[in-house]
Amino acid sequence: MKRILSFSGSNSKHSINKVLVTYASSLIENVQVDILDLNDFELPLFGIDLEREKGIPSNAHKFLEAIKSADGIIVSLAEHNGAYSAVFKNLFDWMSRIESKTFCGKPMLLMATSPGGRGGVSVLAMAQDRFPRHDAKIIEVFSLPSFASNFVDGKIINEALDAELKQKVNHFKNAL
């Protein structure tokens, strides 16, 4: 059975990106889905001096091992001031010190949502540029704008956006 690693690039306990990644993951049948929470991988703020003094924290190794053991990745990135959240960037920095090809060639469904009408397009553009350099095989990209208006009672209520996500999830699954 194929295994998918899903996570939100947020440490908010009420992350709308975690809600979206959980929904997208539920659309894939006959796979094992592991939904990780970045709060379970607490890390000190990356710094070269800290790395030299104490080494790379075990939680960075654990997260990278989770990526390596998966057949595919679904990630929904939170956008903070047009960029990755600090918690995700910190994890990404630590993992890249272990292995520069952080995403290990795994197929990826890259997503973002936000309260506003842009749906995280700035962080998606950043990730689309950066992630392939770290060996991500981005299969599809999905943006859900205006989360509160488009996601109600556990699902996307905008029929066009829901159909778009389902088509992209299917394409991602076929790439596993």
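Only the coordinates and a few stated rules stand behind these numbers; no lab work does. Predicted, not measured: the structure shown is a model, and the values here were computed from it. Neighbour counts are summed over all protein chains in view; Cβ atoms, including those assigned to glycine, are modelled from backbone coordinates with ideal geometry.
Listing for the model above:
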quantity: Helix-only CD estimate at 222 nm, as mean residue ellipticity for the chain, using -39500 (n - 2.57) per DSSP H run (n ≥ 4); calculated: -12500 deg cm²/dmol
quantity: Charge sum, other residues only, whose C-beta stays under 15 Å from ILE48's C-beta, Lys/Arg counted +1 and Asp/Glu -1; calculated: -1
quantity: Amide hydrogen neighbours beyond the local backbone of PHE142, cut-off 5 Å, H modeled; calculated: LEU110, MET111, ALA112
quantity: Around CYS104: net Lys/Arg minus Asp/Glu count, Cβ-Cβ under 14 Å; calculated: +2
quantity: Listed candidates (i) 13.6; (ii) 9.5; (iii) 12.2 - label of the one calculated as mean projected area of the Cα convex hull in nm²; calculated: (ii)
quantity: Cα-based helix-to-principal-axis angle, 159-174 vs the chain, degrees rounded to 10; calculated: 50 degrees
quantity: Amide H partners (placed H, <5 Å) of HIS80, local residues excluded; calculated: SER85
quantity: Sequence ranges 139-147, 162-170, 52-60, ranked by mean other-Cβ count within 10 angstrom, highest first; calculated: 139-147, 162-170, 52-60
quantity: For region 55-61, 3J(HN,Hα) per residue [Karplus equation, 6.51 cos²θ - 1.76 cosθ + 1.60, θ = phi - 60°, Hz, x = Gly/Pro]; calculated: x, 8, x, 4, 5, 5, 4
quantity: In sequence order, calculated HN-Hα J values of region 5-22 (Karplus, 6.51, -1.76, 1.60; Hz; x Gly/Pro); calculated: 9, 10, 7, 9, x, 9, 10, 5, 5, 10, 4, 5, 6, 5, 4, 5, 5, 5
quantity: Helix 121-130 axis, angle to the chain major axis (alpha carbon atoms, nearest 10°); calculated: 50 degrees
